[in-house]
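Encoded as C-alpha cells, the structure appears first; notes follow it.
The values are calculated or read from the model by the stated rules, or taken from the named source; none is laboratory data. If you're wondering where the values come from, they're calculated on a predicted model, not measured in any experiment. Here the Cβ positions follow ideal geometry from the backbone for every residue, glycine too, while neighbour counts run over all protein chains shown.
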Amino acid sequence: MSQNRPEYSQSELPAIELFQKLGYDYFDGAKDDLRSSISEVILEDRLRTSLTKINPWLGGNSLERVVRQLKNIQASSLMEANQALFELITKKDAITEKPTPNSHPQPVFVIDYDNIENNDFLVVNQMKYKGVGNNSIPDVVVYVNGLPLAVIEAKSPKVHISEAISDLEYYQNNSPKLFYYNQICVGINKAQALYGTIGASYQHYSKFKADSLEDISKLVNRMPTAQDILIYSFFQKSVLLDIIRNFTIFEVDQGRTIKKLPRYQQLRAVNKILHKLKTEQKGGVVWHTTGSGKSISMVYLAIKLRREESGFDNPTILVVTDRVDLDNQISSTFRRAGFPNTKQAVSIAHLKEELRDNYGKTVMTTIHKFQEKAEERVDPKDVEVLSDKENIFVLVDEAHRTQGGMIAGYMRASLPNAKFIAFTGTPIDKESKSTLREFYGGDYIDKYTIKQSVEDGNTLAIKYQTGMPKFFIEKELMNREFGAVFEGVSDQKIEYLTRKGSSLDTFMTARRRVEEIAKDIIRHYKEKIYPNGFKAMLVCHNRTQAIAYQKAFLELKEQGLNPFESKVVMSFNHKKDPQEFIDLATPEDKIKETIENFKLPFGDESDKSLSGKQQYDNTAILIVSDMLLTGYDAPIVQCMYIDKILKEHNLLQAISRVNRTANGKE
C-alpha cells in the first residue's frame with residue numbers, strides 16, 4: 001500500500017504507532033516477511049522461541065509435536081477449527097508432553113497468562129496470505145507467540161466503517177486458515193472503530209467506550225480518536241489476554257455455534273465486581289438495562305470466579321432467580337455458553353445437598369427453594385445454616401424482585417458468609433424498598449442505562465402508541481349511562497350491580513370490549529408488523545382475558561378476518577380451571593417448545609434442519625398474562641399489545657421484550 005494514501009496515514013499508521021507504544025514489536029510484512037511461503041499463517045520461529053521460554057523443559061521431538069499440533073488443526077468448518085484452537089491456547093491440559101520418556105505428561109502452555117511479559121507481542125502490516133482466489137493482504141495482524149490472534153482492517157476516514165467489516169468477511173472466506181487462530185476482528189477508519197468475531201456480520205460488531213480518556217490522551221499525546229480508544233482498551237497486553245481467556249465464549253443456539261466477545265460494559269462490570277470482592281470482601285448491585293446482556297455477564301463472572309489465580313479457592317457459585325422459566329433460561333444460557341458442570345436444583349432437598357457439599361460447584365435455583373413450607377413463617381435466626389463457607393458467591397438475577405422479602409431473609413440466614421452480587425435492569429429506589437439497600441448499600445458497582453444501550457445499538461428505542469380510547473374507563477359517562485338504564489331499580493339491586501359492574505375484572509374481560517380490541521390488534525398487526533416478518537405479544541389482564549382474546553381471534557379467523565395464528569401460554573390450576581382453559585391454551589408439556597419455536601421466522605413448518613429440528617414457526621401473536629414478561633429474549637418480537645395495568649419496573653421489564661435488535665427491525 002502507498003504510504004501517501006489516507007487510509008495508511010490517517011488510520012493504519014496511527015494504529016501501528018499506538019501498538020508500539022503499548023509495547024508490541026513491529027515489522028513491515030511487505031518488506032521483512034521471513035516466512036518460507038505465503039501459505040504459512042503461523043510465525044514458526046517466534047512460536048518455537050515462545051514455547052521453550054514458557055515451558056523451559058520442552059524441546060526436541062516434543063517441541064516439534066506441539067508445533068505440528070498447533071499448525072495442523074483438523075476441522076470441517078472455520079468455526080470448528082477456531083474453537084479447537086481456542087481450547088489449545090486456553091485450557092490447562094489441552095496439550096501435554098512428557099519432559100522425559102519415563103515421566104508423567106505435563107501441560108504445555110502456549111500462552112503465559114500469569115506472566116504477561118513472558119509472551120511475545122508483535123504487530124505486522126501488509127503481510128500477504130495465500131487465498132482461494134486472490135491473495136489476502138489485511139492491513140494489520142496482531143501476533144502473540146507467533147499465532148495470528150487479531151486482524152485489523154483500516155480504512156480512510158472518508159470510507160464507511162462497514163467497508164472494513166466487509167473486507168474482514170472476505171478474508172475469512174478467502175484465507176480461512178488465517179482465521180483458525182483469530183480471537184478478535186477489528187475495523188477502523190480513525191473516526192470509528194468496531195470489533196467482532198469470526199462469522200459475525202456488520203450489525204453484530206460493537207463499539208468500545210472508555211470511562212476516561214486521560215491515560216489514552218497522555219499516551220498518544222493528542223485527543224484520542226475512536227480507533228485509539230478501541231486499540232488502547234482492547235490491546236493492552238494484560239487486557240487482551242484477559243479477554244481471550246475469560247471473556248470469549250462459544251454459544252450453541254439452534255444448532256449453530258456463535259462466538260461472542262464481551263461488550264465494554266460487561267468487561268467493565270465483571271472486573272469491577274472482582275475488584276470489590278477482593279478488596280472489600282462483599283458484593284453489590286449491577287444496574288444494566290434490560291437487553292444489554294446480563295445473563296452473559298453472569299457467565300463471564302462465573303468463569304473468572306473459578307480461575308485459580310482469582311484466589312477464591314474453588315468457590316461455590318449459586319445463581320438465583322425467582323421464577324421457574326427464568327431458572328430454565330439462565331441454566332440454558334450457561335450450558336449453551338459451554339460453562340462446565342452446572343447443576344439445576346430440582347427440589348429443596350437437592351439444593352440443600354448441593355450447598356452442604358464442600359466441593360465447589362455451580363448451582364442454579366429459584367429463591368423459593370429456600371423456604372421449607374410456603375404457609376409457614378420462620379424467624380431467620382432459626383433457619384438451618386446450609387453452609388458457612390466464605391467462598392460462596394450468590395448471583396441474583398432480576399434482583400429488584402423478592403430480595404426484600406421473607407424468603408430472601410431465609411436465603412441469607414442459611415448462607416451467612418456468602419457474598420451476594422445482584423443484577424437488575426430495573427432497580428427500585430424508594431423509601432419503603434431499595435434494591436441497593438438490600439445488597440450492602442452504597443452505590444452501584446456498575447451502571448449501563450437504556451440511553452447508553454440504544455446509543456450503542458445494543459437495544460432499540462421503544463416507541464409507544466395509545467390503543468382504543470373508547471375502551472378506557474370514563475367514570476362520569478359510565479355513571480350517567482348506568483343511571484339511565486337502571487332507573488327505578490331497588491337500591492339493594494343498584495348496589496349489587498354497581499359493585500359487580502365496576503369490578504376491573506368485569507370491565508377488562510367484557511366480551512364486546514375484547515372482540516373490538518381483537519379486531520384492532522389484527523388490523524394493526526396486518527398493516528404494521530407482519531409485512532416486515534416480525535411477530536407480536538399480547539399481554540392480558542389475567543388468564544380469563546387471555547382465553548377471551550384467543551376465542552375472539554379464532555372467531556375472526558372463522559369469519560375470514562384473521563389470517564394469523566395465535567397461541568396462549570399460561571400456567572394452569574388443574575383443580576379450578578374451566579375446560580375452555582384446557583382446550584384453548586397451550587398444553588403444559590408443549591409450553592417450552594412453543595416458547596422456543598415462537599422465536600423462529602415464518603415459513604414452511606414441515607421444513608426441518610438436517611438434525612430434524614424445526615426451522616420455521618407461523619405463530620404470529622403469543623398471548624400471555626404473567627409469563628415471559630421478564631428474561632424472555634425473542635428478537636423477532638417487534639410489537640407488544642398491552643391490555644394489563646403495569647407500572648414502574650414491571651412495565652419497563654415487560655416492554656423491554658421488544659427492544660432486542662434484529663435485521664430490518666426498527
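Within the stretch 56-73, can one find any residue that is hydroxyl-bearing (Ser, Thr, Tyr) and exposed (fewer than 15 other Cβ atoms within 10 Å of the Cβ)? No: zero hits. Please verify whether the stretch 81-90 includes one or more residues that are surrounded by 15 or more Cβ atoms within 10 Å (Cβ to Cβ) and either aromatic (Phe, Trp, Tyr) or part of a loop (DSSP other than H, G, I, E, B) (or both). Yes, some residue in the stretch 81-90 is surrounded by 15 or more Cβ atoms within 10 Å (Cβ to Cβ) and either aromatic (Phe, Trp, Tyr) or part of a loop (DSSP other than H, G, I, E, B) (or both).
Answer with yes or no whether residue 608 is surrounded by 13 or more Cβ atoms within 10 Å (Cβ to Cβ), charged (D, E, K, R) and over 23 Å from residue 427 (Cα atoms). Give the steps one after another, and end with the answer.
Numbers: surrounded by 13 or more Cβ atoms within 10 Å (Cβ to Cβ): no; charged (D, E, K, R): yes; over 23 Å from residue 427 (Cα atoms): yes.
Here the answer is no, as residue 608 does not meet what is asked.
Of the residues making up the stretch 578-614, those that are out of contact with any Lys or Arg (no Cβ under 8 Å at 6 or more places or on another chain), closer than 21 Å to residue 627 by Cα and part of a loop (DSSP other than H, G, I, E, B) are 578, 587, 599, 600. The combined condition, being in contact with a helix residue (DSSP H, G or I) (Cβ under 7 Å, 6 or more places away or on another chain) and of a type in the set (Asp, Glu), is fulfilled by residue 617. The set of residues from the stretch 306-328 being among the aliphatic types (A, V, I, L, M) and either modelled with pLDDT of 90 or more or more than 17 Å from residue 425 (Cβ to Cβ) (or both) comprises 317, 318, 319, 320, 324.
Every condition in (1) surrounded by fewer than 21 Cβ atoms within 10 Å (Cβ to Cβ); (2) under 24 Å from residue 648 (Cβ atoms) is met by residue 321 except one, and the failing one is (1).
Filtered by the rule that a residue be of a type in the set (Gly, Ala, Ser) and without any contact (Cβ under 8 Å) to a residue 60 or more places away in the chain, the stretch 225-258 gives 226, 233.
Filtering 126, 83 for residues that are in contact with a strand residue (DSSP E or B) (Cβ under 7 Å, 6 or more places away or on another chain) and not assigned by TED's automatic domain parsing to the domain that holds residue 28 leaves a single hit, 83. Taking the criterion of being out of contact with any Lys or Arg (no Cβ under 9 Å at 6 or more places or on another chain), assigned to a loop (DSSP other than H, G, I, E, B) and under 21 Å from residue 228 (Cβ atoms), the residues of the stretch 135-182 that qualify are 138, 158, 159, 160. Condition check: at negative phi and among the basic types (Lys, Arg). Does residue 190 satisfy that? Judged against the criteria, residue 190 is not a match.
Total residues in the stretch 211-224 satisfying the condition of being surrounded by 12 or more Cβ atoms within 10 Å (Cβ to Cβ) and touching a residue at least 24 places away in the same chain (Cβ under 8 Å): the figure is 2. Checked against the criterion of being in a loop (DSSP other than H, G, I, E, B), in contact with a helix residue (DSSP H, G or I) (Cβ under 6 Å, 6 or more places away or on another chain) and over 25 Å from residue 55 (Cα atoms), the candidates 132, 110 yield just one match: 132. Tell me, yes or no, whether the stretch 248-266 has at least one residue that is polar (S, T, N, Q) and modelled with pLDDT under 95. Yes, that holds for at least one residue.
Selection of the stretch 153-180 for residues being over 22 Å from residue 77 (Cα atoms) and crowded, with 24+ Cβ neighbours inside 10 Å yields 153, 154, 155, 164.
Name every residue in the stretch 63-74 that is in contact (Cβ under 8 Å) with a residue 40 or more places away in the chain and out of contact with any Phe, Trp or Tyr (no Cβ under 6 Å at 6 or more places or on another chain), in order of residue number. Answer for the stretch 63-74, where residues must be in contact (Cβ under 8 Å) with a residue 40 or more places away in the chain and out of contact with any Phe, Trp or Tyr (no Cβ under 6 Å at 6 or more places or on another chain): 66, 70.
Inside the stretch 17-51, can you point out the residues that are of a type in the set (Ser, Thr, Tyr) and either surrounded by 13 or more Cβ atoms within 10 Å (Cβ to Cβ) or within 25 Å of residue 232 (Cα to Cα) (or both)? Explain how you work it out, then say what you get.
Pass one, the stretch 17-51, residues of a type in the set (Ser, Thr, Tyr): 24, 26, 36-37, 39, 49-50.
24, 26, 49, 50, listed by residue number.
Residues in the stretch 188-208 that are under 21 Å from residue 156 (Cα atoms) and assigned to a loop (DSSP other than H, G, I, E, B): 189, 190, 191, 192, 201, 205, 207, 208.
Within the stretch 549-566, the set of residues being closer than 17 Å to residue 528 by Cβ and either surrounded by fewer than 13 Cβ atoms within 10 Å (Cβ to Cβ) or not assigned by TED's automatic domain parsing to the domain that holds residue 510 (or both) comprises 563 only. Please go through the stretch 255-289 and give me each residue that is among the charged types (D, E, K, R), surrounded by fewer than 19 Cβ atoms within 10 Å (Cβ to Cβ) and part of a strand (DSSP E or B), ordered by number. 256, the sole residue that qualifies. Among the residues making up the stretch 216-253, those that are hydroxyl-bearing (Ser, Thr, Tyr) and assigned to a helix (DSSP H, G or I) are 217, 232, 233, 238.
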